[in-house]
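Nothing in this text is a laboratory measurement; each read-out follows from the coordinates by a stated rule. Only a predicted model underlies this, so the values are computations on that prediction, with no experimental measurement involved. A quick note on method: Cβ atoms are made from the backbone with ideal geometry, for glycine too, and the neighbour counts reach across all protein chains shown.
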Number of protein chains: 2
Amino acid sequence: MRLHTILSPQLFPLFSDDVLGKQVLIIDILRATTSVVVMLDNGAISVQPVSGVGEAMELKRENPNLLIAGERNGYKVEGFDFGNSPQEFTPDRVSGASLVITTTNGTQALSLSLEASHIWVGGFLNINALVEAMAAVGEDVFLFCAGWKGHVNLEDTLFAGAVAKALTSKGAEITDDATRAAIVLWEQAKYDVHSFLSVASHVKRFQSMHAESDLEACLRMNTSEKAIIYQNGVLVAIPS
Amino acid sequence: MRLHTILSPQLFPLFSDDVLGKQVLIIDILRATTSVVVMLDNGAISVQPVSGVGEAMELKRENPNLLIAGERNGYKVEGFDFGNSPQEFTPDRVSGASLVITTTNGTQALSLSLEASHIWVGGFLNINALVEAMAAVGEDVFLFCAGWKGHVNLEDTLFAGAVAKALTSKGAEITDDATRAAIVLWEQAKYDVHSFLSVASHVKRFQSMHAESDLEACLRMNTSEKAIIYQNGVLVAIPS
């Protein structure tokens with residue numbers, strides 16, 4: 001099991017021939033992939049990621065029972081049921097529901113990864129479940145940071161480092177400098193991720209727009225024991 | 001003076017509108033930009049960077065006094081006067097000479113940066129001179145890591161972190177997470193850069209092909225007091 005880290009979608013072309021038949025983990029800590037974990041952990045049946053706002057609206061017109069969630073540039077989209085705060089997806093609102101999510105960065109990374117045999121999604125909330133699930137499959141892993149408008153960001157890179165570190169303890173092999181750098185950053189940050197990230201560009205942008213509790217909600221570790229996988233066009237929890 | 005770090009040429013499109021009229025530092029520690037420092041420090045008049053082997057050969061045919069240097073995939077090009085080892089460019093061979101250099105990664109990064117007002121080149125060998133020169137200009141700085149075939153590498157990233165750290169002590173402002181990550185890596189590595197890099201992909205590749213002394217030659221600090229700048233198509237030393 002070899003590990004690669006893709007620090008931004010802008011770097012994906014270097015890897016596009018390599019992900020065929022391998023595992024990809026999509027990382028968008030603030031907040032898309034974190035929110036998907038909360039949705040499915042709180043009882044949603046499935047979450048369909050789409051790239052465009054129009055596509056989400058169209059799906060809702062065809063099936064009014066769908067709940068649609070998403071942000072553009074960090075703000076809830078007009079006419080959607082939810083924005084993209086993990087705190088919105090409470091059990092009373094999502095249990096038994098089918099959701100659609102559209103985000104700026106995460107959906108783009110996912111759409112690039114469709115040749116992979118396994119596309120995993122998650123964050124700090126379900127890191128152990130993800131690591132166990134990927135190790136059980138055993139195929140090479142590409143840690144794909146969604147970044148921010150193509151730019152590398154610290155929170156996704158840190159999480160890639162945390163996952164890489166955990167997978168190496170299960171025998172995975174580091175193959176590139178991006179993974180090495182991510183692990184060094186994680187080793188520096190792990191005792192106080194919140195403080196470490198307080199200087200990060202996106203985190204500062206985020207804090208100016210959202211409640212501090214939202215950031216904390218994205219950095220909690222292992223509140224969920226479910227891995228999330230993309231199958232037949234939707235994200236579902238394993239075990240369901 | 002705002003600082004940005006471009007971790008690979010693959011990420012350059014995100015910055016291409018921004019470098020106009022600003023300062024760019026081209027970083028290709030193993031070994032192109034390091035070798036250029038040695039050439040000019042040992043008395044070469046100028047170094048002309050070109051992207052292709054054919055172009056270098058053509059220049060030499062037109063002017064047989066030119067000395068041509070370069071590597072492709074880490075090896076000296078057939079028919080060239082030099083490869084790309086900083087140890088080749090001794091004063092007896094380069095003093096008073098005009099050189100041409102072609103490299104895999106460094107020249108590509110330079111050719112992308114032509115809109116900048118100042119294009120600087122260098123490495124650990126002339127880090128203080130570069131920092132002083134860029135601070136004296138005072139314009140925003142883009143630290144442009146040449147990387148390895150588009151991939152992020154540790155040695156260029158570390159050097160970007162070292163320069164960024166030094167410039168912040170002269171009042172420069174960090175603007176992005178790539179710069180923050182590079183500084184954290186540099187802070188970890190600075191007491192023993194050689195050991196820190198011994199796990200890096202390109203360094204391992206490098207060590208399998210070249211003398212250990214070549215790596216050491218690329219990691220020495222401040223053996224040169226000259227900054228290097230690209231002017232009228234050639235790299236020259238300041239002060240000359």
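Extending 7 Å from Cα along the Cβ direction at B:Gln231 and again at A:Ser213 yields two label points whose distance is 6.1 nm.
Sorted from closest to farthest, the other copies place their B:Lys170 label points 4.8 nm away, with each point set 7 Å from Cα along Cα→Cβ. Globularity index of segment B:113-193 is 1.05 (Cα radius of gyration / 2.2 N^0.38 Å, N = number of residues). Span-like helix check, chain A: qualifying full DSSP H segments, with Cα axial length of 20 Å or more and mean Kyte-Doolittle of -0.5 or more, are A:154-168. To the nearest whole percent, what portion of all C-alpha pairs in segment A:196-240 is separated by more than 13 angstrom? For segment A:196-240, the fraction of Cα-Cα distances above 13 Å is 67 percent. The ranking of B:Val38, B:Val137, A:Val163 from fewest to most other beta carbons within 10 Å of each one's beta carbon is B:Val137, B:Val38, A:Val163. In this assembly of identical copies, the label point of B:Pro239 (Cα plus 7 Å along Cα-to-Cβ) is separated from its counterparts by 7.6 nm, sorted shortest first. For chain A, the relative contact order comes to 33 percent (Cα pairs under 8 Å, sequence separation of at least 6). Restriction of the trypsin sites (Lys or Arg not before Pro) in segment B:162-204 to DSSP coil positions whose beta-carbon has at most 15 other beta-carbons within 10 angstrom yields B:Lys170, B:Lys190.
Of all the options B:Asn63, B:Asn42, B:Asn222, the one that moves most in a Gaussian network model of chain B with Cα springs shorter than 10 angstrom is B:Asn63.
Taking a virtual spin label 7 Å from the Cα of B:Arg61 along the C-beta vector, which residues in segment B:78-113 bring their backbone nitrogen under 19 Å of it? Of the residues in segment B:78-113, B:78-82, B:100-102 have backbone N under 19 Å from the label point off B:Arg61.
The residues packed around B:Val50, meaning those with a beta-carbon under 15 Å from its beta-carbon, carry a net charge of -3 if Lys and Arg are +1 and Asp and Glu are -1.
Calculation over all alpha carbon pairs of segment B:2-230 in 5 angstrom steps from 0 returns a P(r) of 1, 7, 16, 20, 22, 16, 11, 5, 1, 0 percent.
Each other residue within a Cβ distance under 12 Å of A:Val152 adds +1 if Lys or Arg and -1 if Asp or Glu, for a net charge of -2.
Ordering B:Asp214, B:Asp17 from the fewest to the most neighbouring beta carbons within 10 Å gives B:Asp17, B:Asp214. Which percentage, to the nearest 5, of the DSSP beta bridges contained in the protein assembly as shown is antiparallel? Expressed as a percentage, antiparallel bridges in the protein assembly as shown total about 30. For the options B:Asn153, B:Asn65, B:Asn84, a Gaussian network treatment of chain B with springs between C-alpha atoms closer than 10 Å singles out B:Asn65 as fluctuating the most. Picking from A:Thr179, A:Thr157, A:Thr223, which is most flexible by a Gaussian network model of chain A using Cα springs under 10 Å? Result: A:Thr223 has the largest fluctuation of those listed. Hydrodynamic analysis of the protein assembly as shown uses the Kirkwood radius over alpha carbon pairs. Inserted into Stokes-Einstein at 37 °C and 0.692 mPa s, it gives a translational diffusion coefficient of 140 µm²/s.
Counting from the shortest, the label point at A:Arg220, 7 Å from Cα toward Cβ, is 5.7 nm from the same position in each remaining copy.
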